[in-house]
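J.: Would you mind keeping the following structure in view while I ask a few things?
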């Protein structure tokens, strides 16, 4: 018998495609949450593979906090145009009105209002019964035990004690009106898998992942990029041009850069494998309390 | 063994090339509470250098705060995820962990060892191709070891690593190791394992996990990682006949009609002849389409889109198969069921069965026995509770195509879903088809429902009255019956008390008997609808599932639920039959509303406020609704 050419990345790809098709075949109104980051780029690529040659049978939705990096928005615009995607952009109107500002109100309130609350509003508004997301089990301890299809109550809460068992590749997609599913096709991918797949499949990603000279202010040990005029400089602070890249993308005031000279994809992979710092470290939201992601998830954060 | 980081700093191109050849192994670890499963996995993560710097910082802090190793690194904390579990010091669910070497990527299902968590182990084992069974060298082979081995064999795992752990605590004694090995091999001969490899280890110290131990020079077998990296994992499914459950019909335009799915077993090439077993129609594979272009062949596990040469009727749920070895198609089979929910199995109750991409109503028609997972004894039983395993006959509303689980894990497995809560309540593996099904064919009748209904000049349907005893169901149902009769409708009233005197007089009031009671009444009502009648059913019918089951027996629009919503206090005050008094006095057991639950309908077509509406008003409301829905002519 010939040896199998079915490598681990091909297998992960096939399993993700299976999940996409299963949810689309059984749910009434799915949506894909598109965050513009590298995981979203992989997710989108897999979705296009799953339904080829048909167009994507669901829209993409971006929860825009208005504080994303400018290059992310530019990238989003290009991708949507290139693949003729149906994109919904949603911002919490109450948050806009209150002028929620992560610099003034802090990361936790900003995340609560502009992300968690905004996402709930958008899901209610459009009545989606399934939402694809790019979360992976290797990202954080509480995610290791989450299902591929994660059930949410009518108030979008996650109950870790009441999860549906998932056996073989048989998925139970049934929900009652008002309830919904979060589907995570990348559950079994690791950060390394994602990077290798991007490399092998030549998937476009936001240039912020590659090192470049950028205007940086160092605060509390974090390297923050001064992306626009809303960045309030404290006395004595002035942006320095430093060669940095981002391991994770989100709202620019909450996302730390790392110093790096890796300006190509293979250099990034090389640096990542040698450096070894797990990727959520660049995000502020996990720092507050032990178990903070678990709490946020129960409240409805993705 | 080279770790990724050695290679990558030397030669990135070679490294990335090697990534394209890496395979994937899924395995499960099982053992009792303190056997050290989490420590072993933590050690594998640690030694494969996948512990990242900030995780290490967290681990150091956590080890000091809540560790069980006196401030030393507690590897188990890397694995025990949710906060509640960490604080209890135990794992309570299935957690998936990932690590990789240059040869393979590994996905580990970490499952707990307590007796009550059979469910989690079955879940983890369902996708694994190897199991590591952990034994504490000080304790030897325990009842739990037997249970874990039985469960992984039941789920179809044939490759076992017996990890005899904590060797450091028995001075790396060869005698102790050999004794355990002999006991286990004797026991496991009864189970259909292909390969059992026994390894002496200390997960805590790292002996024979990643690195060969200097303390066990008497041992010449592989280390855990050495075996994991080299064990043959080319799936047996590849050599099985071709099967692909159709997930989605891909129709971007009129010229393209593809069948998308994941290959469950075998391989496929253009020119292969396939059958759609539900119709028996055959066709030939014209193209295998993927996003990356058409391919010449595809194998087990790949997600593809097939285009056939002929226009044959194929929809989601069809199990496309090679014509050379067709699957079984039947509506009854024997299965082994693992019950996974707090609400026990009720034979006769309709559940949804999902097998492959097909979901259909099904029931356990006969529960033969349950298995004591510690002794493998067969025990008589009427129900299955959480974590119990039973052998039973399953009958389905429509035939499905499948293979026995021992031949094909993908096409021989199913889950059961509760209709009402949508919870996944059981996992099942198909043992074999019951041939009886093939021999009893439905009588083909030429005078059908429409013909009979047309002769009566009416639309047949069921009015299902539900509510507490004394709510006024029978009073209202009687009055509606008279009203419809006076309007020239052909009706029949099935009343709870009357049916219990005849058709159902063998049934009592336990939950199981209540389910059977309603099943018979619903089936009777269905036959009457088929005869063209308007059927009024007046039963307490306390469970949502049975009302849903009755609804599903007839076509959409033929079932109207009428909820007589009278508060318990008022029913009890009325107490026409003196039953509440008896129930309160403890003379009547399992009385609905007192010591047996009543599940209120959430979406009844008609709700009558029994406390405020008179029977006449209720009748008017019901008749008006029937008119508005076009079920009876407007008077």
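Computed from the coordinates by the stated procedures, all read-outs in this text should not be read as laboratory data. Nothing here was measured: the structure is a model prediction, and the numbers come from that model. Note that we place each Cβ from the backbone using ideal geometry, even for glycine, and neighbour counts take in every protein chain shown.
J.: State the three equivalent ellipsoid semi-axes of the range B:299-341, derived from the C-alpha gyration tensor as the square roots of 5 times its eigenvalues, in descending order and whole Å. Walk me through the intermediate numbers first.
T.: Numbers: eigenvalues 152, 49, 30 Å².
Three semi-axes, in Å: 28, 16, 12.
J.: I need the calculated FRET efficiency for the pair residue B:382 and residue A:154, taking r as the beta carbon distance and R₀ as 60 Å, to the nearest 0.05. Intermediate values should be presented prior to the final figure.
T.: On the way: r = 36 Å, r/R0 = 0.60.
Using R0 = 60 Å, I get an efficiency of 0.95.
J.: A further question on this structure: Which value, in nm² and rounded to one decimal, describes the direction-averaged projected area of the C-alpha convex hull of the range B:329-435? Walk me through the numbers on the way to the answer.
T.: Values: hull surface 25.3 nm².
For the Cα atoms of the range B:329-435, the hull's average projected area reads 6.3 nm².
J.: For B:328, B:411, what's the fewest-to-most ordering of other Cβ within 10 Å of each Cβ?
T.: B:328, B:411
J.: Also: Give me log10 I(q)/I(0) at q = 0.13 Å⁻¹ for the range A:63-110, Debye formula, one equal scatterer per alpha-carbon, no solvent.
T.: After summing over all Cα pairs, the log10 values are -0.39.
J.: With the crude spin-label approximation of a point 7 Å out along Cα→Cβ, what separation in nm comes out for residue A:108 versus residue B:448?
T.: My value for the distance between the label points is 6.5 nm.
J.: Based solely on C-alpha atoms, express the radius of gyration and the Dmax of the range A:114-249 in angstrom.
T.: 19.7, 59
J.: Oh, and also: I'd like the distance separating the alpha-carbon centroids of the range B:389-432 and the range B:202-234, in whole Å.
T.: Centre-to-centre (Cα) distance: 38 Å.
J.: Give the Rg (one decimal place) followed by the Dmax (whole number) of the range B:494-555, computed from C-alpha coordinates and expressed in Å.
T.: Cα only, the range B:494-555: 11.1, 33 Å (Rg, Dmax).
J.: Please report Rg over Rh for chain B, where both radii come from the alpha carbon positions and Rh follows the Kirkwood definition. It would help to have the intermediate numbers written out before the result.
T.: Details: Rg = 30.4 Å, Rh = 28.8 Å.
Ratio of gyration radius to Kirkwood radius for chain B: 1.06.
J.: Still on this structure, I have one more. Run the simple label-point estimate for residue B:397 and residue B:34 please: 7 Å along Cα→C-beta, distance reported in nm.
T.: Computed distance between label sites residue B:397 and residue B:34 equals 5.2 nm.
J.: How many angstrom lie between the Cα centre of the range B:482-540 and the Cα centre of the range B:260-333?
T.: Comparing the Cα centres of the range B:482-540 and the range B:260-333, I get a distance of 45 Å.
J.: Could you work out the Rg to Rh ratio of the range B:241-322, with Rh taken as the Kirkwood radius (inverse of the mean 1/r over all Cα pairs)? Mind showing how you got there, number by number?
T.: Values: Rg = 11.2 Å, Rh = 12.3 Å.
So for the range B:241-322, dividing Rg by the Kirkwood Rh gives 0.91.
J.: Over 20 Å intervals from 0, what percent of Cα-Cα pairs in chain A sits in each interval?
T.: Per 20 Å bin, starting at 0, the Cα pair percentages come out as 32, 60, 8, 0.
J.: Still on this structure: Rounded to two decimals, what is Rg over Rh for the range B:451-628 when you use alpha-carbon atoms and the Kirkwood radius?
T.: Numbers: Rg = 15.9 Å, Rh = 16.6 Å.
My calculation of the ratio gives 0.96.
J.: On a 0 to 90 degree scale, rounded to 10, what angle separates helix B:473-486 from the longest Cα axis of chain B?
T.: 50
J.: Give the average over all directions of the projected area of the C-alpha convex hull of the range B:159-270, one decimal, in nm². The partial results should precede the final answer.
T.: Values: hull surface 44.6 nm².
Result: a mean projected hull area of 11.1 nm².
J.: Using a Gaussian network model on chain A with a 10 Å cutoff between Cα atoms, which of A:248, A:155, A:66 fluctuates the most?
T.: A:155
J.: From the Cα gyration tensor of the protein assembly as shown, with a ≥ b ≥ c the square roots of its eigenvalues, which class applies: rounded if a/c is under 1.5, or else prolate if a/b is larger than b/c, or else oblate?
T.: Details: a/c = 1.71, a/b = 1.44, b/c = 1.19.
Because a/c hits 1.5 or more and a/b exceeds b/c, the protein assembly as shown counts as prolate.
J.: Now, a different point. Using the reciprocal of the averaged 1/r over all distinct C-alpha pairs, how large is the Kirkwood radius of the range B:553-635 in Å?
T.: Values: mean 1/r = 0.0664 Å⁻¹.
Averaging 1/r across every pair of different Cα atoms and inverting gives 15.1 Å.
J.: If you average the C-alpha positions of the range A:153-173 and of the range B:141-194 separately, how far apart do those two centres end up, in angstrom?
T.: 33
J.: Taking the Cα atoms only, what angle lies between the long axis of helix B:37-47 and the longest principal axis of chain B, rounded to 10 degrees?
T.: The angle comes out at about 50 degrees.
J.: Residue B:582 to residue A:125: FRET efficiency via 1/(1 + (r/R0)^6), r the Cβ-Cβ distance, R0 56 Å, to the nearest 0.05?
T.: 0.55
J.: Looking at chain A as a GNM with Cα springs under 10 Å, which of A:122, A:262, A:81 has the largest mean-square fluctuation?
T.: Looking only at A:122, A:262, A:81, the biggest GNM fluctuation is shown by A:81.
J.: Considering the zone a paramagnetic label at residue B:614 would reach in this model (a point 7 Å from Cα along the Cα-to-Cβ line), which residues of the range B:569-586 have amide N under 12 Å from it?
T.: The answer is none.
J.: Moving on. Hey, could you pull the Cα Rg and Dmax for the range B:200-256, both in Å?
T.: Answer for the range B:200-256, Rg first and Dmax second: 22.9, 70 Å.
J.: To continue, here is another question. Label residue B:435 and residue B:374 with points 7 Å out from Cα along Cα→Cβ: what is the distance between them in nm?
T.: Between residue B:435 and residue B:374, the label points sit 4.0 nm apart.
J.: Please compute the Cα-Cα pair-distance distribution of the range B:91-201 with 5 Å bins starting at 0, giving whole percents from short to long.
T.: So the P(r) values, bin by bin, are 2, 12, 21, 22, 21, 14, 7, 0.
J.: Compute the acute angle (0 to 90°) between the alpha-carbon long axis of helix B:53-66 and the principal axis of greatest extent of the alpha-carbon atoms of chain B; round to the nearest 10°.
T.: 80
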